[in-house]
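Right, one structure below, let's go through it.
Here, each number is a calculation from the coordinates, and none is a lab measurement. Only a predicted model underlies this, so the values are computations on that prediction, with no experimental measurement involved. Using ideal geometry, Cβ is built from the backbone for each residue, glycine included, and neighbour counts are taken over all protein chains shown.
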Amino acid sequence: MIDNYSKSELMVCCAAREIKNGEVIFVGIGLPNIAVNLAKRIYVPDIKMIYEAGVFGANPRRLPLSIGDPCLVTDSTSVCSMSDIFMFYLQRGLIDVGFLGGAQIDRFGNINSTVIGNYANPKVRLPGSGGACAISILAKRVIIVTKQSKRSFPERVDFITSPGFLGGGEERESLGIPGKGPEIVVTDLGVYNFDKVTKEMILTSIHPGIEIKRVRENIGWKVKISDNLKTTQKPTENEIKMLRELDPNRIYLK
Amino acid sequence: MENKVMTMKEAIERFVHDGDTLTAEGFTHLIPHAAGHEIIRQRKKDLILCRLTPDIIYDQLIAAGCAKKLVFSWVGNPGVGSLYGIRRAVEKGIPKKVEVDEYCHFGMVCRLVAGASNLPFMILKSYSGSDLPKWNNNIKKITCPYTGKEFYTVPALNPDIAIIHAQRADRNGNTQIWGILGVQKEACFASKRVIVSVEEIVDEDITCSDPNRTLIPGLIVDAVVEEPFGAHPSYVQGYYDRDNEFYIEWKKISQDEKKLQEYFEEWIYGVKNRDEYIKKLGGDKIKKLTPKGNFSKPINYGIYL
């Protein structure tokens with residue numbers, strides 16, 4: 001265990017620990033990209049990383065600069081068109097885990113990466129869906145990694161780009177959405193799971209040195225806290241060593 | 001046989017017209033930047049620009065006033081942040097108002113697959129529960145005649161012109177690509193006209209020696225342009241790496257309208273063609289971006305008499 005780590009580093013480590021060996025992971029841009037690469041290097045060498053640009057079974061020698069980096073191609077299992085990725089891998093149901101981020105996440109795990117404010121007249125125009133909307137619908141489970149603040153965790157997102165549990169309960173299931181939806185949300189303050197019945201986000205682990213008060217101040221609704229609240233394990237020496245090899249100039253993990 | 005080999009200037013003059021629906025594809029890899037610069041130099045206007053990921057190439061085209069509409073599924077400077085040329089046009093109408101027509105990647109892929117297959121639309125298992133269909137009337141629903149289940153649909157996209165960059169092609173336009181393939185094949189088959197720029201024009205016996213690698217047949221290609229380093233600042237697998245310093249630098253340039261104009265004057269209007277651009281870029285930069293070789297093992301196709 002080490003004490004000298006950044007918030008992003010802890011988030012990435014938490015997310016990496018959630019992946020099971022052998023799973024097929026659809027990897028998104030940003031922190032998810034680092035988390036999955038970390039997991040493959042130190043915990044789960046047999047996972048298959050799939051990138052929407054058209055790579056299955058990536059084995060990058062450096063941290064990919066983007067999700068279309070040439071290092072994803074060299075030594076990969078297969079390179080194919082984007083239509084193959086979306087139709088044959090994702091829509092066919094071959095993806096175990098979708099790894100996503102977003103500008104806003106709400107109480108029921110809905111993700112907004114489109115606009116802040118009204119769509120027709122936005123306060124902030126965000127990048128948009130990319131692959132996320134289809135991934136959130138078609139991956140068997142979804143892990144969300146994002147920084148938490150009152151603005152980024154509102155009770156209801158301004159725009160549902162990628163559906164979580166919508167209004168909660170059985171709403172997602174009733175639409176016939178194939179994937180089971182979000183399972184875990186990792187933030188810089190803690191880790192959340194979802195209630196099996198209400199589908200509401202519940203704080204299940206709090207990061208070292210973070211008080212519940214701080215979690216409450218940085219979330220837009222009265223969040224439920226698990227009766228078995230745990231304290232998140234700090235990054236291990238091995239995790240940090242590998243992260244600093246992946247991001248030597250700490251561009252992504254400030 | 002008709003000669004398809006020409007300069008970029010001629011290809012853009014002949015095949016790109018004001019008001020065209022245009023797609024310049026390439027997912028991070030093989031982005032046809034040389035063609036983008038030539039379109040700006042020729043001051044084309046009112047283009048409907050389609051692309052899954054409008055990145056620096058469309059930021060430049062839109063900031064230069066070439067477009068009236070953007071059809072897309074993810075807009076940003078990949079790995080870096082926002083694109084300010086596009087944001088100024090969409091949010092403030094500078095230099096002119098640009099409309100947006102927005103999908104998810106899977107939706108854009110399906111639009112091109114439908115277009116390439118000469119079908120009116122495509123069904124897909126996306127959009128359920130998302131707000132995107134509420135704001136885009138092109139995303140509709142249909143009941144499956146076999147199962148009775150409902151599916152979302154997207155309409156075919158059939159651009160007037162597709163422009164792509166590739167490693168190599170022969171003089172007939174048979175085009176070989178390796179590395180990340182994006183949606184180039186779908187975009188070319190969906191479009192009425194196709195311009196291909198390549199790192200190298202090779203003899204037909206080279207392309208025919210490895211037909212599995214030919215993604216786009218000359219049958220649908222109108223123009224072949226030899227344009228080494230034509231994808232810079234993006235990359236070409238096996239030829240050069242992405243110029244990530246420029247991607248980071250672009251943020252500062254596109255944020256500031258004065259810097260943006262200076263960039264246009266210096267790197268687009270101030271050079272005649274890609275050759276001059278590369279000379280200006282300099283040998284050191286090119287050397288720095290060139291990867292070490294890593295060749296695939298040959299395969300045996302056999303001779304059958």
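Just a few scattered comments:
- The relative contact order of chain B comes to 20 percent, based on Cα pairs under 8 Å that sit 6 or more residues apart.
- Shape category assigned to the protein assembly as shown from the gyration tensor of Cα positions, a/c cut at 1.5: prolate
- Measuring from each cysteine beta-carbon in the protein assembly as shown, the ones with no other cysteine beta-carbon under 4.7 angstrom are A:CYS13, A:CYS14, A:CYS71, A:CYS80, B:CYS50, B:CYS66, B:CYS110, B:CYS144, B:CYS188, B:CYS208.
- Highest GNM mean-square fluctuation among A:CYS13, A:CYS133, A:CYS80, for chain A modelled with Cα contacts below 10 Å: A:CYS80.
- Qualifying lysines (Cα of each under 18 Å from Cα of A:LYS40; at least 8 residues distant if same chain): A:LYS20, A:LYS48, A:LYS241
- Highest-fluctuation residue, A:LEU229, A:LEU243, A:LEU94 considered, GNM on chain A with Cα pairs under 10 Å: A:LEU229
- Net charge over other residues, Cβ less than 11 angstrom from the Cβ of A:LYS7 (K, R count +1; D, E count -1): 0
- Each residue, B:ASN118 and B:LYS272, gets one label point 7 Å from its Cα in the Cβ direction; the gap between the two is 4.3 nm.
- Exercise: per-residue mean of other protein chain Cβ atoms within 10 Å, B:120-126: 5
- Using a cut-off of 28 Å between Cα atoms, the listed pairs A:LYS254/B:LYS68; B:LYS9/B:LYS259; A:LYS123/B:LYS285 include A:LYS254/B:LYS68; A:LYS123/B:LYS285 as exceeding that distance.
- Extension gain for A:SER149-A:THR198 works out to 15.3 nm (0.36 nm per residue, less the C-alpha to C-alpha distance).
- Amide proton proximity set for A:LEU126, modelled H, under 5 Å, gap of 5+: A:VAL115, A:ILE116
- In summary, the aspartates and glutamates within cross-link reach of A:LYS224, defined as a Cα separation below 12 angstrom excluding same-chain residues under 8 places away, comprise A:ASP195, A:GLU200.
- Förster-model FRET efficiency, 22 Å R0, A:VAL124 and B:LYS252, C-beta, rounded to 0.05: 0.65
- A straight line joining the Cα centroids of the range B:174-205 and the range B:1-72 runs 15 Å.
- Counting only other chain Cβ atoms within 10 Å of each residue's Cβ, the peptide A:230-243 averages 0.
- Across peptide A:85-97, the average count of Cβ atoms from other chains found within 10 Å of a residue's Cβ is 3.
- Where labels lie 7 Å past Cα in the beta-carbon direction, separation of A:LYS20 and A:ILE2 in nm: 3.1 nm
- Measuring between alpha carbons in the structure, the pairs from B:LYS69/B:LYS149; B:LYS45/B:LYS272; A:LYS7/A:LYS150; B:LYS45/B:LYS140 lying more than 23 angstrom apart are B:LYS69/B:LYS149; B:LYS45/B:LYS140.
- Choice from A:SER78, A:SER149, A:SER129 showing the highest fluctuation, given a GNM over chain A with Cα pairs closer than 10 Å: A:SER78
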